[in-house]
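Before any comments, here is the structure.
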Amino acid sequence: MREDSRELPVELVTIINSFNRRSLLERAVTLLTAALRSSRFGSAIIVFEAGSNDGSAEFLRTWRDNNPTDNLTVIDGAAARSSFSDGVNLACAAAISRFASCRWLFLYETDNCLTSAGPLEKAVALLEREPQLAAAGFTVKQHDGKFYGYGMRFPTALSFLLGQNLGAILNLHAPNDSPWQLSDGIRWRTCDVIFTSPLLIRREAWEQSGGFDATNFPFSESDLDWAWRCAKLGWKMAVLASDNAIHDNLQQPSAWSANRALDFHRNRFRLLQRHRGEHVALLKPFLFVRHGLEAMILARRSARDPAAKEKLAKRKQMLRTVWNNYS
């Protein structure tokens, strides 16, 4: 008979960022705890609560008080340190400090769901078998069964210049086409970047890399920068084939994504300068032209499409800021 995981030393700590998505949070925590209770290792959950005003914090504290064996801890974010990257870094530091036996950090977002403990147990087994792997993610799907992207290759200056839509059409953002492998019944492959939705990280890799760069990448591109820095340290990333991991926000975008377009360009430009070289600055005139063409197209649509009008305002902002690295 399998030993009750709640009586085992804590080896895996789940890290969750919470900000104003209570309905997603409730679903995510309910399914996560059900999976962890049936797993073969001891676990805990640390939630970084970034100042929600929708009842998320109250839900978490009620859950913690009513389910003490789930080892759920809530960390309240300070005004100066409330970004996504800050939340992950602070929660991971708390996990390592509080649980000496912690071996794995499981980054899990409010729009994730696990339908069983199987994916986690396979990910742990793979990382134990393959010491070169810093982290393992999963092929994820939405609640309706549709495939959702799990990762990508390291971006290039060309893919950035062409833009997300054209880059996607040309398949420039697709995951690496490395061959699938089968190890002890686990089907997996390597990939440059595995997104943090969800992602199991080896503690040693997290500590060696120093975690996310919250100063330069507080929100977008934090996972890409971390994966790139890990690769320079000699680590690799893997994705497991799974039917039990879900990534679906159910049309509830995070408040953190309100300025996603401008944040993406600012941080992708910064990312490429760091990892591809300062010559990326030579792209600015061509980026200016692209934003100008996009603005012209959106201007024609804006009279009949309110969404296009909002996008047009963002493109005008990019036209003004591209020369200053989108700042």
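The values are calculated or read from the model by the stated rules, or taken from the named source; none is laboratory data. Keep in mind that what you see is a predicted model, and the values were worked out from it rather than measured. Note: ideal-geometry Cβ built from the backbone for every residue, glycine included; neighbour counts use all protein chains shown. Protein only, heavy atoms only, side chains kept; ligands, DNA and RNA dropped before computing areas. Shrake-Rupley method; radii C 1.70, N 1.55, O 1.52, S 1.80 Å.
Take the residues of region 65-87 that are polar (S, T, N, Q) and over 17 Å from residue 19 (Cα atoms): which is least open to solvent (accessible area, probe 1.4 Å)?
67
Given the conditions (1) under 29 Å from residue 273 (Cβ atoms); (2) open to solvent by 30 Å² or more (accessible area, probe 1.4 Å); (3) of a type in the set (Asp, Glu); (4) in contact with an Asp or Glu (Cβ under 9 Å, 6 or more places away or on another chain), and given that residue 144 satisfies all but one, which numbered condition is not satisfied?
The failed condition is (1).
How many of the residues in region 113-131 are of a type in the set (D, E, K, R) and assigned to a loop (DSSP other than H, G, I, E, B)?
Residues flagged as of a type in the set (D, E, K, R) and assigned to a loop (DSSP other than H, G, I, E, B) within region 113-131 amount to 1.
One line per residue, one yes/no per condition, for (1) open to solvent by 60 Å² or more (accessible area, probe 1.4 Å); (2) part of a helix (DSSP H, G or I); (3) not charged (D, E, K, R):
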residue	(1), (2), (3)
14	no, no, yes
20	no, no, yes
40	yes, no, no
44	no, no, yes
51	no, no, yes
58	yes, yes, no
63	no, yes, yes
89	no, yes, yes
92	no, yes, yes
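For residues in region 147-162 being modelled with pLDDT of 95 or more and outside any helix (DSSP H, G or I), which is most open to solvent (accessible area, probe 1.4 Å)?
Only one residue fits best here, namely 153.
Tell me which residues, restricted to region 113-141, are open to solvent by 10 Å² or more (accessible area, probe 1.4 Å) and either farther than 18 Å from residue 188 by Cβ or among the basic types (Lys, Arg) (or both).
Scanning region 113-141 gives 115, 122, 129, 141.
Which of the numbered conditions does residue 110 fail, given that it passes all the others? Conditions: (1) open to solvent by 40 Å² or more (accessible area, probe 1.4 Å); (2) in a loop (DSSP other than H, G, I, E, B); (3) closer than 19 Å to residue 35 by Cβ.
Condition (1) is where residue 110 drops out.
Which ones in region 302-327 are in contact with a Lys or Arg (Cβ under 9 Å, 6 or more places away or on another chain), surrounded by fewer than 14 Cβ atoms within 10 Å (Cβ to Cβ) and assigned to a helix (DSSP H, G or I)?
Within region 302-327, 307, 323 meet the criteria.
If you take the residues in region 202-225 that are among the hydrophobic types (A, V, I, L, M, F, W, C) and farther than 28 Å from residue 126 by Cα, which one is nearest to the chain's Cα centre (by Cα)?
219
Take residue 243 and decide whether it is outside any helix (DSSP H, G or I), more than 23 Å from residue 310 (Cα to Cα) and not aliphatic (A, V, I, L, M).
Yes: the conditions hold for residue 243.
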